[in-house]
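Notes to accompany the following structure.
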Amino acid sequence: MVANAFEALIQDRFPRAHRFIRRNYDTYGYPLSKDITTPFKSNVTYVLMKPLELFFLLCVYSFSEKPEQLIHAQYKC
């Protein structure tokens, strides 16, 4: 949810950067995720993503006027 809130923040404030990031994520992210097939690879991915999640959280709280609402909005369908 934090990553989605960060993406929403980037999309609102920097739409061109968001398009670049989204395009690269769509191109490389899914094929890369298909290679995470073992518990070891999953654990490594988790450890690598945790600092990134903390960075996202820091950005959301630093640059959003209502960060809790932004994060909570990710739960709504």
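Table for the structure above
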| read-out | value |
| --- | --- |
| Residue satisfying all of: in segment 45-72; in a helix (DSSP H, G or I) and of a type in the set (Asp, Glu); modelled with the lowest pLDDT among these | 68 |
| Counted residues, segment 28-44 - those being polar (S, T, N, Q) and at pLDDT below 95 | 1 |
| The lone exception for residue 44 - which of (1) surrounded by 12 or more Cβ atoms within 10 Å (Cβ to Cβ); (2) closer than 22 Å to residue 70 by Cα it fails | (2) |
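The values are calculated or read from the model by the stated rules, or taken from the named source; none is laboratory data. Because the structure is a prediction, the values reported are computed rather than measured. Cβ: placed from backbone, ideal geometry, glycine included. Neighbour counts: every protein chain shown.
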